[in-house]
Amino acid sequence: MTDTKPVLEARGIVKIFGQHRALDTVDFTANAGEVHALLGENGAGKSTLIKILTGAYQPEAGELLLDGQPIHLRDPLHGQTYGIGTVYQEVNLLPNRSVSENLFLGRQPTRFGMVDHKRIDALARDLLSRYGLDVDVRAELSEYSVAVQQIVAIARAVELSGKVLVLDEPTASLDRNEVQRLFDVVRGLKAKGLAIIFITHFLDQVFELADRVTILRNGRKVATQALDTLNTTDVVRMMLGKDVAFDHHPTALTGGPKGAVRVAFKGLSRKGLSPFDLAVHEGEVVGVAGLLGSGRTEVARLMFGVDPSDGGQITVDGQPVSIRNPAQAVAAGFGFCPEDRKLDGIFGDLSVRENIIIALQAKLGWLKALNRDDQVELAGRYAEALDIRAADHDMPVKLLSGGNQQKVILARWLAIDPSFLILDEPTRGIDVGAHAEIVRTINRLREEGLALFVISSELDEVVAYSNRIVVMRDREMVAELDGDAIASDAIVQAIAGTATEARP
Amino acid sequence: MTRPTVDLRPTGQPPLPRPRPLAQFFTRPQVIALAAVLLVNWALFPGFFTITWQDGRFFGSLIDVLNRGAPVAILAIGMTMVIATKGVDLSVGAVMAISGAVAATLVTNGVSAPIAVLAALGAGLLCGLWNGILVTLLDIQPIIATLVLMVAGRGLAQLITEGTIVTFSDPVLIFIGTGSFLGLPMPVVIAALLMIAATLIVRRTALGLLIEAVGVNRSAARFAGLRAGTLLLIVYTFAGFCAAIAGLIVAGDIRGADANNAGLWLELDAILAVVIGGTSLMGGRFSIPMAVLGALIIQSMNTGILISGFSPEFNLVVKSAVIIVILVLQSPLSARLFRRLPGAQK
């Protein structure tokens, strides 16, 4: 940390998608010979920033400096010529070609115009030995573990670039020994003076490997600090919310008596997720707090039958129900707004009206078709209730803004008159106005007696509408906070919990 | 209703409160293309539009276009729904051969014609179900899954006919291929009835919407509680059923089952008809009548080239040229160009 020569510097970066400011005047500096961790929840702007640093996106404002000189990157290939290389979580190599071909693809040494395989193999062996890797370089890449593939990808990126190395979630699919091996390689590169930008959501790995950390939240930089001045709780607090007082209204939320139990999950389990018990009452919002990868989405998917459970019981209003797939969940009166709106939520080419009535239609079955008048009436009613801004309900839903699309999905579930609603990150990536609208809607639905299960990375948001908060960590429900216990410190500490210990 | 209409982004087309079906119909590129092809045929062969009444039925080149186009139109009806789910069925030509082989073999062995017809239709349903199972339960890509039956199906048909062309003189089967009803050839009557029935079923029930939803986003369909697997099974089975009908017509027409040549390459014509009809291979919105229209465009070109005295080799070249024109007219590029023309909004 004595060498603080900045290699890659970003100043005042602004990136706008539609009406959404993905990055708002963000500064970032990667120094030579340091590992700089980049942290933030989904939607915080991590990947957008990386894409700008590597040239995949062009910023609306701000500038990039390499060794103090301003540069303009057209695309990642152009970035590579400046010495900026990237290794992604999913290895971007050719699994069906040999290790050496992967290392030298696009710049193979030739002999008489033909690829000189002997030389490639010798060069590849030599190169990989510098990473402590002794493998048969003629074998297909796919024969090796992800860890080896990662190291090959790193070797290729460093070979091509050699100044800045971006590691985007490199450890997500590695076991502990493989992680250590990868870290040794990264430490070696650091010692050689490379600037390494490390993105992960494993906090313990950040503390183990990184020298400094930059935390993003909602497209803004929260802080850049040396890690030896921080502890896990500080980092979690910066990632999840303002460190000002949380906006919890215990009187409004816990004052009245709870209704009867609407849904109860007993010992629900699936491989890779600890069994959990949870009961959600009428007129209650159970909020879920936890970092990305803590198992929160997996719980929601399990409840809705997207992934079938290995064991456990579900009761609705005291009656046992079997939920092996989403169709059965819908039949039981469940609704689910998934995390990835575009992939799992909207039918882009179908109209707003069809998107609103589709779940009800699926529930009714194909024979009981809602006629056009029913559809227009339903779509009109819920569009008005949720203030969906669409010029016309016959227009394709893909033309709406993200916030309005989210409201359309919410309307779809309200149309089936649900008894239990699961919302996974309902406010991610949507503009401020729609954000407030959705939070208001959650509060209103609770007052109307609905049972809700809401996952959000926005801690202050969860606190604002939840009667109860379940904290998840390491694929397990580790704490449940009720009434007055709902406080910022308690949640942050529960989330941080064992994050400082070694991962199991 | 007083909902705010504050939007936002251009919606592309001016929102019509209620579409005017007739005006819309005649400005579709498919209709214009069909009219153009027919006019060219008429210019090449002045008697093209002449229809005569003889022996209790209509005769003429137009009737011939309808009659010859019927098998592909029937295939296209089933294929439209498969393509709407983002799939494709390459096996329909082979299923035609199987269906013809089953019917012909049964009647020559003394089975009564209605039972032979039912057996042939049943064979088609089974073939379709097989495709559906491969696509749904085994999650094989449709193009590969149906390729299996495309190759194996012709072998099956040859096994059924024991390698020969099974000829028959059963009046019922022959009537399906060459008879007439109300002056119109039976294939035309069958295709028209099937088109109307299929359109009514998918549009009067929610089936059409659910199929489109699966085609647009299968994952979202699952999350919305649709039983996507069941829908896919239904759609592939129906495509097999349509192919069996087409197979019966072709067999009845030549009074025999030719396992090698019945329905050969017709799956490609059927896919083409669907695409010309405006259903995207990416799935989603579909129109059965438009796909039938696409089949008629293809047949009009075939017939036109035949009667105008050009050698049949021209057929393939001319056909591809016309198809390119139609596809260019349908492309997003020309949609953008044309929208700008009539002083459009913005």
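Only the coordinates and a few stated rules stand behind these numbers; no lab work does. Worth saying up front: this structure is predicted, and the values here are computed from it rather than measured. Ideal geometry is used to build each Cβ from the backbone, glycine not excepted, and the neighbour counts take in all protein chains shown.
Phi-derived couplings, Karplus 6.51 cos²θ - 1.76 cosθ + 1.60 at θ = phi - 60°, listed residue by residue for the stretch B:150-155: 4, 7, 5, x, 5, x Hz, with x used for Gly and Pro. The reciprocal of the average 1/r between distinct C-alpha atoms defines the Kirkwood hydrodynamic radius, which for the stretch B:85-205 equals 15.9 Å.
Compute the FRET efficiency between B:Leu137 and A:Lys5 as 1/(1 + (r/R0)^6), taking r as their Cβ-Cβ distance and R0 = 51 Å, and round to the nearest 0.05. Calculated value: 0.30.
When the Cα positions of B:Val40, B:Pro142, A:Ser98 are compared along the charge dipole of the protein assembly as shown, B:Val40 comes out farthest toward the positive end, with charges on each C-beta of Lys, Arg, Asp and Glu.
Sequence-distant contacts, meaning Cα pairs under 8 Å at least 6 residues apart, place the relative contact order of the stretch A:340-417 at 49 percent. By the rule of a C-alpha distance below 17 Å, with chain neighbours fewer than 8 residues away ignored, the aspartates and glutamates paired with A:Lys5 are A:Asp27, A:Glu34, A:Asp67, A:Asp211. For the stretch B:58-329, the residue among B:Ser320, B:Leu209, B:Ile133 whose Cα projects farthest onto the positive side of the dipole built from Cβ charges is B:Leu209. Across the stretch B:58-329, counting alpha-carbon atoms alone, Rg and Dmax equal 18.0, 57 Å. Taking all Cα-Cα distances within chain A, those exceeding 28 Å account for 59%. Computed from the Cβ-Cβ distance with R0 of 51 Å, the FRET efficiency linking B:Leu126 to A:Glu447 stands at 0.40. In this Cβ point-charge picture (+1 for Lys and Arg, -1 for Asp and Glu), the stretch A:340-417 has a dipole of about 160 debye about its Cα centre. Per residue of peptide B:211-222, the mean number of Cβ atoms on other chains within 10 Å of the residue Cβ is 6.
Structure shown: which of A:Lys46/A:Lys163; A:Lys221/A:Lys407; A:Lys118/A:Lys192; A:Lys221/A:Lys398 lie over 22 Å apart, alpha-carbon to alpha-carbon?
Working: A:Lys46/A:Lys163 20 Å; A:Lys221/A:Lys407 28 Å; A:Lys118/A:Lys192 29 Å; A:Lys221/A:Lys398 30 Å.
Listed pairs above 22 Å: A:Lys221/A:Lys407; A:Lys118/A:Lys192; A:Lys221/A:Lys398.
Helix B:207-216 and the longest principal axis of the Cα set of chain B meet at an angle near 70°. Rounded to the nearest 20 debye, the dipole magnitude of the protein assembly as shown is 1900 debye, with +1 charges on Lys and Arg beta carbons, -1 on Asp and Glu beta carbons, and the Cα centre as origin.
Excluding same-chain neighbours fewer than eight residues apart, the aspartates and glutamates reachable from A:Lys271 by a Cα-Cα span under 15 Å are A:Glu298, A:Asp307, A:Asp310, A:Asp474, A:Glu476. Taking amide H as placed 1.01 Å from N in the peptide plane, the amide H of A:Gly449 sits under 5 Å from that of A:Gly283, each at least 5 places away or on another chain.
Between B:Leu233, B:Leu125, B:Leu137, the residue with the greatest mean-square fluctuation in the GNM of chain B (Cα pairs under 10 Å linked by springs) is B:Leu137.
Across the stretch B:292-308, computed HN-Hα scalar couplings (Karplus, 6.51 cos²θ - 1.76 cosθ + 1.60, θ = phi - 60°) run 4, 4, x, 4, 5, 4, 4, 5, 4, 5, 4, 5, x, 5, 5, 6, 7 Hz from first to last residue, x flagging Gly and Pro.
Compute for the stretch A:340-417: radius of gyration divided by Kirkwood radius, i.e. Rg/Rh, restricted to C-alpha atoms, rounded to two decimals. Walk me through the intermediate numbers first.
Values: Rg = 11.3 Å, Rh = 12.2 Å.
Rounded to two decimals, Rg over Rh is 0.93.
For A:Val478, the residues whose modelled amide H falls within less than 5 Å of its own, excluding neighbours fewer than 5 places apart on the same chain, are A:Val471, A:Met472, A:Arg473.
Note: relative contact order over the stretch A:87-239, using C-alpha pairs below 8 Å and six or more positions apart, is 21 percent. Across the stretch B:74-84, rounded Karplus estimates of 3J(HN,Hα) from the backbone phi angles (6.51 cos²θ - 1.76 cosθ + 1.60, θ = phi - 60°) give 5, 4, 5, 4, x, 5, 4, 5, 4, 5, 4 Hz, Gly and Pro being marked x.
For the protein assembly as shown, the alpha carbon positions stretch 100, 82, 60 Å along the principal axes, listed from largest to smallest. Placing unit charges on each Cβ (+1 for Lys and Arg, -1 for Asp and Glu) gives the stretch A:395-504 a dipole about its Cα centre, and among A:Ala464, A:Gly483, A:Thr441 the Cα reaching farthest toward its positive end belongs to A:Thr441.
If you take every DSSP beta bridge fully contained in the protein assembly as shown, what fraction is antiparallel? Give it as a percent rounded to 5.
Details: 54 of 90 bridges.
The answer is about 60 percent antiparallel.
When only Cα pairs below 8 angstrom with a gap of at least 6 residues are kept, the stretch B:142-241 shows a relative contact order of 9 percent.
Which number do you get for Rg(Cα) / (2.2 N^0.38 Å) in the stretch B:52-116? Let's see the in-between values first.
Details: Rg = 16.4 Å, N = 65, 2.2 N^0.38 = 10.7 Å.
Its radius of gyration relative to the 2.2 N^0.38 Å reference: 1.53.
Extending 7 Å from Cα along the Cβ direction at B:Leu44 and again at B:Ser331 yields two label points whose distance is 2.5 nm.
Taking every DSSP bridge with both residues inside chain A, close to 55 percent are antiparallel.
Mind ordering A:143-152, B:264-273 by average Cβ neighbours within 10 Å, highest first?
On the way: A:143-152: 20.4, B:264-273: 22.3.
Sorting A:143-152, B:264-273 by mean packing, highest first, produces B:264-273, A:143-152.
If you wrap the stretch B:216-346 in the convex hull of its Cα atoms and look at it from every side, the mean projected area works out to 12.3 nm².
A Gaussian network model of chain B, with springs between Cα atoms under 10 Å, assigns the largest mean-square fluctuation among B:Leu193, B:Leu296, B:Leu75 to B:Leu193.
Sort A:342-352, A:46-56, A:100-110 by the packing proxy (mean of other Cβ within 10 Å over each peptide's residues), most packed first. Intermediate values should be presented prior to the final figure.
Values: A:342-352: 20.5, A:46-56: 22.2, A:100-110: 16.8.
The most tightly packed comes first, giving A:46-56, A:342-352, A:100-110.
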